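Chemist: One structure coming up, written as structure tokens, with questions to follow.
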Amino acid sequence: MSKLFDGPLTVAPGLDPAVAANIDENPYRADFPLLANSPGLAFLDSAATAQRPECVLEAQKVFYETMNANPLRGLYGLSIEATEEINEARATVARFIGADDPREVIFTRNTSESLNLAARSLGDLLLKPGDQVVISVMEHHSNLIPWQQVCAEKGAELVYLYPNDEGLLTPEEIEAKIGPKTRIVSIAHVSNVLGVENPVHAIADRAHEMGAVCVVDAAQSAPHIKIDVKELGCDLLAFSAHKVFGPLGIGVLWGKMALLEKMPPFLTGGEMIDSVTETEAVWAPVPEKFEAGTQDAAGIAATAVALDYVDEVGLDAIEAREDALVAELDARLRAIPGVTVYGPTDATKRHGVVAFNLEGVHPHDVASLLDSKDVCIRAGHHCAQPLLTYLGCDSTNRASVAFYNDRSDIDQLVDGIEFVRGIFHGSC
């Protein structure tokens, strides 16, 4: 537990999942200052970035007020305290994702940087002309473009997994696409558009059977479901703090130690070396090998508090409440004339997000008009253009929930969509 916050992390710790699933009540909104201070706001864009609880905001403030110093560089008290906070945060992240060794946790700026690190380093380590990298067509650009780039440079082929009509990757597709030429498989745990949970364990098993490594983009799963890297069976996993109620600008890359020790560094400079001469350098051990330059120590420390907060609320309660929210959101949207919902028809197969379009109205217009009703949703291609092309559309609206939402937020969204329909179609 971090020293940066010693008060109660939440006003509603460890609620029974059945109680938490009552979306007519909202015991959690009070934890989040922005939401508590904006009672009329329906914030439905948590897939882009989540709100921060008071304990996280306070932790960053306390760091700067009590131990602000450059970690790893000083032998004086403040620097030692800052270093200890980073070490404790590393251990907290390891516990949160079921990793045994905190040294396997690398801090970056975000999921995008973590995946760029993975692509560049694994590409240099593993790829040669004629090899294959397998991803899915539903990947966020952060888990697509780096692999495009490294494949083009190395003369490797980028192979895509395609979902069925329900947005699900089938065993047949996995077996057909991950083959003897595959060296790397990189897959989203949960789609940021369809909300589907991909069968990572089966994909990792197939990758290992073919002698490949498996990378997981957990940016959209870490806020919603329990992650255990051993159960998933992956070799590398990435996520961002800001989607798990932590600060902006902090990312995580976890990897198996044996693989991390083989991988070359992505960035070079201060703190990631053991020794330097005029002609060569020796890298520092993992994880410092991948953490060039001064880290955002305050953000890293506050990330640990955010994960402690999630543990205190309880992932069982979070999952139960969000399942109820998604089911309500999916059903209410499908009941609106002219609305098309993308992804699985079974709402139990979704986590956190519902993408939809309103017939005859561009998503940007929908989102702008909803904003006039204090409803915040996302509109566009959601950094997943190949998926939207595959779905046959250029852009969608996306409403995404977190456990701090309730039924009234969904009511406000539905009322707002009816308002938009009235403007464009003369009905309400």
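The values are calculated or read from the model by the stated rules, or taken from the named source; none is laboratory data. Quick caveat, the model's predicted, so the values are computed rather than measured. Neighbour counts run over all protein chains shown; Cβ positions are idealised from the backbone, glycine included.
Chemist: Please work out which residue is surrounded by the most Cβ atoms within 10 Å (Cβ to Cβ), limiting yourself to region 82-99 and to residues that are of a type in the set (D, E) and touching a residue at least 24 places away in the same chain (Cβ under 8 Å).
Modeler: Of all residues in region 82-99, those of a type in the set (D, E) come to 84-85, 88.
Applying the additional criterion that residues be touching a residue at least 24 places away in the same chain (Cβ under 8 Å) yields 85, 88.
Values: E85: 23, E88: 18.
Here the answer is E85.
Chemist: Here's a follow-up. Within region 97-112, identify whether any single residue is assigned by TED's automatic domain parsing to the domain that holds L236, modelled with pLDDT of 95 or more, closer than 18 Å to V286 by Cβ and touching a Pro at 6+ places or on another chain (Cβ under 6 Å), and answer yes or no.
Modeler: Yes - at least one qualifying residue is present in region 97-112.
Chemist: Looking only at residues in region 312-321 that are more than 17 Å from the chain's Cα centre (by Cα) and part of a helix (DSSP H, G or I), which one is surrounded by the fewest Cβ atoms within 10 Å (Cβ to Cβ)? Can you show your working first?
Modeler: Step one: filter region 312-321 for residues more than 17 Å from the chain's Cα centre (by Cα), giving 312-314, 316-317, 320-321.
The next check asks that each one be part of a helix (DSSP H, G or I); those that pass are 312-313, 316-317, 320-321.
On the way: E312: 16, V313: 26, D316: 14, A317: 22, A320: 20, R321: 29.
For region 312-321, the residue satisfying everything is D316.
Chemist: Would you check if A304 is under 25 Å from N116 (Cα atoms), at pLDDT 95 or above, crowded, with 21+ Cβ neighbours inside 10 Å and within 19 Å of the chain's Cα centre (by Cα)? If you could, list the steps in order and put the result at the bottom.
Modeler: Values: under 25 Å from N116 (Cα atoms): yes; at pLDDT 95 or above: yes; crowded, with 21+ Cβ neighbours inside 10 Å: yes; within 19 Å of the chain's Cα centre (by Cα): yes.
So A304 passes the test.
Chemist: In addition: Any idea which residue in region 341-379 is farthest from S221 (Cα to Cα), counting only those that are of a type in the set (S, T, Y) and loosely packed, with under 15 Cβ neighbours inside 10 Å? Steps first, please.
Modeler: First, the residues of region 341-379 that are of a type in the set (S, T, Y): 342, 345, 348, 368, 372.
Filter again for loosely packed, with under 15 Cβ neighbours inside 10 Å, leaving 345, 348, 368, 372.
Values: T345: 20, T348: 15, S368: 28, S372: 30 Å.
Only one residue fits best here, namely S372.
Chemist: Now a separate question. Among the residues of region 391-410, how many are touching a residue at least 24 places away in the same chain (Cβ under 8 Å) and surrounded by fewer than 16 Cβ atoms within 10 Å (Cβ to Cβ)?
Modeler: Step one: filter region 391-410 for residues touching a residue at least 24 places away in the same chain (Cβ under 8 Å), giving 391, 393, 395-410.
Still in the list and also surrounded by fewer than 16 Cβ atoms within 10 Å (Cβ to Cβ): 393, 408.
Number of matching residues: 2.
Chemist: Looking at L259, L325, which is the one that is in contact (Cβ under 8 Å) with a residue 12 or more places away in the chain, touching a helix residue (DSSP H, G or I) at 6+ places or on another chain (Cβ under 9 Å) and assigned by TED's automatic domain parsing to the domain that holds R398?
Modeler: Working: L259 fails: assigned by TED's automatic domain parsing to the domain that holds R398.
After applying the criteria, what remains is L325.
Chemist: Name the residue that is farthest from N37 (Cα to Cα), counting only residues in region 58-68 that are crowded, with 16+ Cβ neighbours inside 10 Å and in contact (Cβ under 8 Å) with a residue 40 or more places away in the chain. Talk me through it step by step, then tell me what you get.
Modeler: Going through region 58-68, the residues crowded, with 16+ Cβ neighbours inside 10 Å turn out to be 58-60, 62-63, 67.
Narrowing the set further to residues that are in contact (Cβ under 8 Å) with a residue 40 or more places away in the chain leaves 58-60, 62-63.
Values: E58: 16, A59: 20, Q60: 20, V62: 22, F63: 24 Å.
Out of the qualifying residues, it is F63.
Chemist: OK, next. Can you go through S79, S114, S121 and tell me which one is among the hydroxyl-bearing types (S, T, Y) and without any contact (Cβ under 8 Å) to a residue 40 or more places away in the chain? Break it down stepwise before answering.
Modeler: Details: S114 fails: without any contact (Cβ under 8 Å) to a residue 40 or more places away in the chain; S121 fails: without any contact (Cβ under 8 Å) to a residue 40 or more places away in the chain.
One residue alone meets the criteria, S79.
Chemist: Of the residues that make up region 355-373, is at least one modelled with pLDDT of 95 or more and closer than 30 Å to E312 by Cβ?
Modeler: At the first step, the residues of region 355-373 found to be modelled with pLDDT of 95 or more are 355-373.
From what's left, closer than 30 Å to E312 by Cβ: none.
Within region 355-373, none of the residues are modelled with pLDDT of 95 or more and closer than 30 Å to E312 by Cβ.
Chemist: Test each condition in (1) touching a residue at least 40 places away in the same chain (Cβ under 8 Å); (2) within 20 Å of A306 (Cβ to Cβ); (3) part of a helix (DSSP H, G or I) for F107 and report the one that comes out false.
Modeler: Failing condition for F107: (3).
Chemist: Can you name the residue in region 1-12 that is surrounded by fewer than 14 Cβ atoms within 10 Å (Cβ to Cβ) and in contact with a helix residue (DSSP H, G or I) (Cβ under 9 Å, 6 or more places away or on another chain) and, of all such residues, is nearest to T92 (Cα to Cα)?
Modeler: Looking at the filtered set, the residue picked out is M1.
Chemist: Can you name every one of the strands (runs of 3 or more DSSP E) wholly within region 322-428 that holds 2 or more residues which are closer than 22 Å to M138 by Cα and over 21 Å from the mean Cα position of the chain (by Cα)? Give the steps one after another, and end with the answer.
Modeler: On the way: elements: 339-342, 353-358, 378-380, 396-400.
Result: 339-342, 353-358.
Chemist: Any residue in region 156-174 that's in contact (Cβ under 8 Å) with a residue 12 or more places away in the chain and closer than 18 Å to A384 by Cβ: show its pairings with residues that are β-branched (V, I, T) and assigned to a loop (DSSP other than H, G, I, E, B) at Cβ separation under 6 Å, as long as the two are six or more apart or on different chains.
Modeler: Once the first residue is in contact (Cβ under 8 Å) with a residue 12 or more places away in the chain and closer than 18 Å to A384 by Cβ and sits in region 156-174, its partners that are β-branched (V, I, T) and assigned to a loop (DSSP other than H, G, I, E, B) give Y160/V137; Y162/V137.
Chemist: Kindly indicate the residue of region 20-52 that is free of Cβ contacts under 8 Å to residues at least 60 places away in the same chain and not in a loop (DSSP other than H, G, I, E, B) and also farthest from D409 (Cα to Cα) among those meeting that condition.
Modeler: P33
Chemist: Limited to region 16-35, what total is found for residues that are under 29 Å from E85 (Cα atoms) and of a type outside the set (D, E)? Walk me through how you get there before you give the answer.
Modeler: So the first thing to find is which residues in region 16-35 are under 29 Å from E85 (Cα atoms), and the list is 28-35.
Of the ones still in play, those that are also of a type outside the set (D, E) are 28-30, 32-35.
Matching residues across region 16-35 total 7.
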